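So the structure is just underneath, and the comments pick up after that.
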Amino acid sequence: MSDLFALEVPFAEKDEAKAMGATWDMELRKWCVPLSQVAAFARWLPYEPTPEEVLSQLCVEVPAEHVRAVQLLSQNCEYRDWLLLMLPEKRWGAFWRDDLDAPAATAIFEGRYDEGCRFIGDSPLQALEYMRQNQVCYTTPEPAYADDRIVVPGDPDSFCQAELRIGGLTIPLFLPGVCGVLAQHVSTDMPLEPGYGELSLAIYQALERSVPDWHKPPSIDDQNRAAEISRSLREPLPAGALENRQACQEFIAKHSDDMTLYRKINRCWYDALHPLTNEIQNYARWTFAREQMARGEDWEVVAASLKIKTKATIERYIANAEEHEREHADWAASPWLQQLLETERAGGSVRDLVLKEVDEQSWAEFRRERRARKLLREAQ
């Protein structure tokens, strides 16, 4: 075991780590690699946040006057994730709203508009069109095609029509819709290689081999991965990446390291906050029992409402509530924890609120950590 190094591989990336040579250690319950190969797996090194003293020296936070400089240039815009900037020389910029706390805001403050904006055009319409084509993918994308879809004649979304000419005979064919997409980029006299199985599969395979990736639609898995990256990292996903295989794979590759970092941070926050779900639910039950008994309610009624059977259980609930309050006196001063309690008592979903907080805290730490690591690399 001494010559193995344990990696921190998010579950969603286990196949990738395995393909690169990592092996699963049953005892450690982690993916491991020989110490001599650790450098190639740097992406999955255990997460260690940058110390606070280092963050303070790096000046990670963007000065308020830099943010105001961007806001002063901002015009009305229909896209919530973007700011439309009116720049000097009658130019218009598309500024990503989340870049307000990033170096891009400083670039705008210093007049380096090409570095601060994601796009600059000669008219507001050009900038708005760029925004329309580059947005966060908040929902699961509709696949360009489904390679496991049953071909049903009459459904225009699942098949395309083709003709097979043999001698003087013309045979109409129903093929998966993706064949039509690929065939648009293939010469009409492309030879069909012999294959086994259904004719439609053979034609599709021939098209798949003959068409460059730049003309192919992305796989469903790649579409979903790109959409997850866009949502998690709050990065604009170009519309072309959902229609073009090469563009989709380039987007995934560009953000893969950041996505791994985000997943590790998200896991830390999940492990820290998710236990609150059960703790809140239990505390709400305990305090409910105490309040009802304090009002003089019959214990059988209280027991029935809590779906318990004995008075001793109610007494234990009351003792648990008092012990919890002694050990967690800070709960009363936390607006967020009080909101969770109110949600639980009202029959709402505490879990949803906790997961939302996990995402918000993960995002804030990820942004800070990504910026700090970039500054440290530049200083080396």
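The values are calculated or read from the model by the stated rules, or taken from the named source; none is laboratory data. From a predicted model like this one, the values you see are computed outputs, not experimental measurements. Neighbour counts run over all protein chains shown; Cβ positions are idealised from the backbone, glycine included.
Structure notes:
- Residues of the stretch 47-65 that turn out to be charged (D, E, K, R), over 25 Å from the mean Cα position of the chain (by Cα) and under 25 Å from Glu110 (Cβ atoms), as a count: 1
- Scope the stretch 259-311; condition surrounded by 13 or more Cβ atoms within 10 Å (Cβ to Cβ), of a type in the set (D, E, K, R) and not in a helix (DSSP H, G or I); matching residues: Glu297
- Test set (1) assigned to a helix (DSSP H, G or I); (2) under 22 Å from Tyr270 (Cα atoms) - Gly348 fails condition number: (1)
- Taken together, the criteria exclude Gly93 from residues that are in contact with a strand residue (DSSP E or B) (Cβ under 7 Å, 6 or more places away or on another chain), surrounded by 11 or more Cβ atoms within 10 Å (Cβ to Cβ), on the phi > 0 side of the Ramachandran plot and of a type outside the set (Asp, Glu).
Here is a yes/no grid of residues against (1) of a type outside the set (Asp, Glu); (2) closer than 20 Å to Asp257 by Cβ:
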| position | (1), (2) |
| --- | --- |
| Ala42 | yes, yes |
| Glu48 | no, yes |
| Val62 | yes, no |
| Val70 | yes, no |
| Asn76 | yes, no |
| Met86 | yes, no |
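- Every residue from the stretch 5-41 that is in contact with a Lys or Arg (Cβ under 8 Å, 6 or more places away or on another chain) and part of a loop (DSSP other than H, G, I, E, B): Leu7, Glu8, Val9, Pro10
- Residue check for Val60: at pLDDT below 90, touching a helix residue (DSSP H, G or I) at 6+ places or on another chain (Cβ under 6 Å) and not charged (D, E, K, R): yes
- Residue list for the stretch 39-84, filter: surrounded by 13 or more Cβ atoms within 10 Å (Cβ to Cβ) and closer than 16 Å to Arg371 by Cα: Tyr47, Pro49, Thr50, Val54, Leu55, Leu58, Val60, Val62
- Restricting attention to the stretch 323-371, the residues that are without any contact (Cβ under 8 Å) to a residue 60 or more places away in the chain, among the acidic types (Asp, Glu) and over 30 Å from Cys59 (Cβ atoms) add up to 6.
- Counted residues, the stretch 358-380 - those being closer than 21 Å to Pro275 by Cβ and surrounded by fewer than 17 Cβ atoms within 10 Å (Cβ to Cβ): 3
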